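Student: The structure that follows is given in the form of structure tokens.
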Amino acid sequence: MINRVIKRNEPVEKIVKSLVQDFLRFNPDVDLATVSIYEGKPKRSDAQHRLYFAWRDICQEEWSGKGVENKNDLHEYYKDTFIEGRSTKSLSVQEFVNFLNEIDQHAANLGVILPRTNNYEEAMYGKY
């Protein structure tokens, strides 16, 4: 999935064409795709979603037996601590970047260095 905010004063045709070409280049086995345009701010990206749950699972495993027994409790803890209990689904792309940075710093403070995968690059620096 590719997300990009489009503003009225941007060269829309060039942007859309580039996004479609990028999608097809990175997904050569895809025969059918859907382009959707909707009003409003972008929500978290799929890369952010994947990175968050990978990091959450690593932290839960690392801290199992130290008061963190399941993934859902850790998810609730992160939401309560870093985003005032809001749903992660309601976060914009930039808000989710901030959320991921908070989790990364929290883990580092507790001695866990979280991996920087391709999902990391896309999640933190992808176009949005």
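Student: Is it the case, given these coordinates, that Val30 is in contact (Cβ under 8 Å) with a residue 12 or more places away in the chain, loosely packed, with under 12 Cβ neighbours inside 10 Å and farther than 16 Å from Ala123 by Cβ?
Tutor: On the way: in contact (Cβ under 8 Å) with a residue 12 or more places away in the chain: no; loosely packed, with under 12 Cβ neighbours inside 10 Å: yes; farther than 16 Å from Ala123 by Cβ: yes.
No; evaluated as a whole, the condition is false for this residue.
Student: Looking at Phe26, Phe53, Phe96, can you tell me which residue is closer than 20 Å to Asn118 by Cα and not assigned by TED's automatic domain parsing to the domain that holds Pro115?
Tutor: Working: Phe53 fails: not assigned by TED's automatic domain parsing to the domain that holds Pro115; Phe96 fails: not assigned by TED's automatic domain parsing to the domain that holds Pro115.
Just a single option satisfies the conditions, and that option is Phe26.
Student: If you don't mind, another one. Kindly check whether there is at least one residue in segment 103-117 that is modelled with pLDDT under 90, more than 22 Å from Val5 (Cα to Cα) and either loosely packed, with under 14 Cβ neighbours inside 10 Å or out of contact with any Gly (no Cβ under 7 Å at 6 or more places or on another chain) (or both). Quick ask: steps written out before the conclusion?
Tutor: Start the filter on segment 103-117 by keeping residues that are modelled with pLDDT under 90, which leaves 117.
Still in the list and also more than 22 Å from Val5 (Cα to Cα): 117.
From what is left, the residues that are either loosely packed, with under 14 Cβ neighbours inside 10 Å or out of contact with any Gly (no Cβ under 7 Å at 6 or more places or on another chain) (or both) are 117.
Yes, segment 103-117 contains a residue that is modelled with pLDDT under 90, more than 22 Å from Val5 (Cα to Cα) and either loosely packed, with under 14 Cβ neighbours inside 10 Å or out of contact with any Gly (no Cβ under 7 Å at 6 or more places or on another chain) (or both).
Student: Return the residues of segment 40-51 that are surrounded by 20 or more Cβ atoms within 10 Å (Cβ to Cβ) and free of Cβ contacts under 8 Å to residues at least 60 places away in the same chain; say none if nothing qualifies.
Tutor: Filtering segment 40-51 for residues surrounded by 20 or more Cβ atoms within 10 Å (Cβ to Cβ) gives 44-45, 47-48, 51.
Arg44, the sole residue that qualifies.
Student: Here's a follow-up. Quick check on this structure: which one of Lys66, Lys79, Lys71 is of a type in the set (Lys, Arg), out of contact with any Leu (no Cβ under 7 Å at 6 or more places or on another chain), farther than 30 Å from Arg4 by Cα and at pLDDT 90 or above? Explain how you work it out, then say what you get.
Tutor: Working: Lys66 fails: at pLDDT 90 or above; Lys79 fails: farther than 30 Å from Arg4 by Cα.
None of the other options fit; the residue is Lys71.
Student: In this structure, does Ala108 turn out to be farther than 20 Å from Leu19 by Cβ and either in the same structural domain as Leu51 (by TED's automatic domain parsing) or touching a residue at least 60 places away in the same chain (Cβ under 8 Å) (or both)?
Tutor: Numbers: farther than 20 Å from Leu19 by Cβ: yes; either in the same structural domain as Leu51 (by TED's automatic domain parsing) or touching a residue at least 60 places away in the same chain (Cβ under 8 Å) (or both): yes.
Here the answer is yes, as Ala108 does meet what is asked.
The values are calculated or read from the model by the stated rules, or taken from the named source; none is laboratory data. Since the structure is predicted, the reported quantities are computational estimates derived from the model, not experimental observations. Heads up, the Cβs are rebuilt from the backbone with ideal geometry, glycines too, and the neighbour counts pull from every protein chain shown.
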